[in-house]
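What follows is a set of notes on a single structure, which appears directly below.
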Amino acid sequence: MAQVIRNGESSTISTADLVVGDLVGVKFGNRVPADLRLIYTGGLKVDNSSLTGESEPQSRSAVCTDVDSVKTKNLIYFSTNIVEGAGRGLVIRIGNETIMGRIARVTTTIGNQRTPLRQQLSHFTNIITIFGVIVRVSCTVVSLYFGYPWIKATLFLLRMIVTMVPEGLLTTVTVALGLTARRMAKRNCLVRNLEAVDTLGSTSCTCSDKTGTLTQNRMSVTHVRYDGATFEADEEEASVSVELNAVPTIRQECIGDASEVGLLKYFEQKVGSTMDYRRSCAKVVEIPFNSTQKFQVSIHWINSNNSNFTLVMKDEPERILERCDTIWIHNEEKRITNEERKAFNDAYNAFGEMEERRQGRFVAVTGGEVNDSPALKKVDIGMAMGITGSDVSKQAADMILLDDNSPTIVSGVESRIIFDNPKKSIAYTLTSKTPELLPFVLFMLLKIPLVLGTVTILCIDLGTDMFPAISLAYEKPGNDITKRKPSAPKDDRLVNFRLVPMAFNQIGTI
């Protein structure tokens, strides 16, 4: 329901009856019924976590502060919640035209990605097709050469088609996927898309935001890069704890940005008291971060510095680079060349999900809000939060973490047996093809009685061979499965040319 003012009278109507231009009032506890342009606010704050992922309430006013409609403070959006204050606004978008509606529409229009297993099965189909065509054409030509009529030659061809097709492969793969999905469900990982089971086992990169999806909005420093070298924070913290084992580290509750809190705690462990350091580097003036200039600048008076004043700027790396002419490295100030700028930008842009996908690797994304839905749908495998996740993100995801716990993802490593067990089943299935194919060849060349007919071969494949092949899908993963690297799409093939000759010639002959 929505409180709307029409013809000077206030009334409560259904959200579905709102039209563009209506004047709507909102207050604490309300859910925004449409995209609104604010004309009055009284201490209004909204929870935009479902839209932008920001965990802190955002203040809103009637003044436009940014050309970006998502960042400006005079707009509030459908399905966000009012957590403080009150306000009035004009309806500017309703239904599918709202920001949330557009996100949902984009999510539904993104097609499904080809999973690794589907790619590998397509590769196997190509191999078996090429091999089968060569054998069938060769046998047909030989049968015509020995004087068999076209009808018998055609029958030979049809029998060989039946012989060459691995009938139990689809059932084996489906059973293997289902068993692995059931194991993962017992560990609070619900699989919505069965084909996504094998994708998780092939994933080499998992992308997660820092707003509390899996991190509980707590961050810590892991690596530090300065003076041209990269150091692990754990090693430095260990050395500091030995040197300063009598000095307590920061234990008080920290309020502010999660990334800055992590930096503050790391600084206290590495350098010492932050308050002492702040007193020795007193802040003279500061330009705080805002949505217009998008950077923060502060000037500090430092006793140990000959110039007394030092300017410190915080911004995105590429924007900082635009404002710098020199770099301090190896205790020396050097001028930045164009080649170094290009190398820096290439390295910066290469980091993340896009570079992983360009290299042919598989990427997983975790998310729980509506704004995460397009990424969950587009990526190789999307994982939504079962407790805090929105319904839209759950519908777009391939898997749902029922307990919102990141270690649950580790259970998906077991899905690497999706490649091991079907590979065993395929090798077993192909072993019967040589004994089944050989009677046709001997009948054609030596004109001996045909031992196996077409119906007999179908009975063998569907009645006896299928069940042992399916039983291989129940094999447990090996002890080294967690130590293996993720399968590379181009290198680790489910079926390669070496497996086919081995199954047909060596094992089949035995």
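Can you sort 20, 370 from fewest to most other Cβ atoms within 10 Å of each residue's own Cβ?
So the ranking, lowest neighbour count to highest, is 20, 370.
If Lys and Arg each add +1 and Asp and Glu each add -1, what is the summed charge of the other residues whose beta carbon sits under 11 Å from the beta carbon of residue 13? Every neighbour counted, the sum reads -1.
Compute the semi-axes of the equivalent ellipsoid of segment 60-111, taking the square root of 5 times each eigenvalue of the Cα gyration tensor, and list them largest first in whole Å.
24, 13, 10
Listed by Cβ neighbour count within 10 Å, with the fewest neighbours leading, 392, 221 appear as 221, 392.
Counting 0.36 nm for each residue step from residue 474 to residue 308 and taking away their Cα separation leaves a gain of 52.6 nm. Once both labels are positioned 7 Å from their Cα atoms along Cα-to-Cβ, the gap between residue 186 and residue 280 label points is 5.8 nm.
With a Förster radius of 51 Å applied to the beta-carbon distance between residue 226 and residue 1, the computed FRET efficiency rounds to 0.35. Pairwise Cα distances in segment 2-109 exceed 22 Å in 25 percent of cases. Over 27 Å apart at the Cα level, from the set 294/378; 45/270; 73/314; 186/476; 71/377, are 294/378; 45/270.
Rule-based calculations on the coordinates, nothing more; no lab input. This structure is a prediction, so every number in the text was calculated from the model and none was measured. Reconstructed Cβ throughout: ideal geometry from the backbone, glycine too, with neighbour counts over all protein chains shown.
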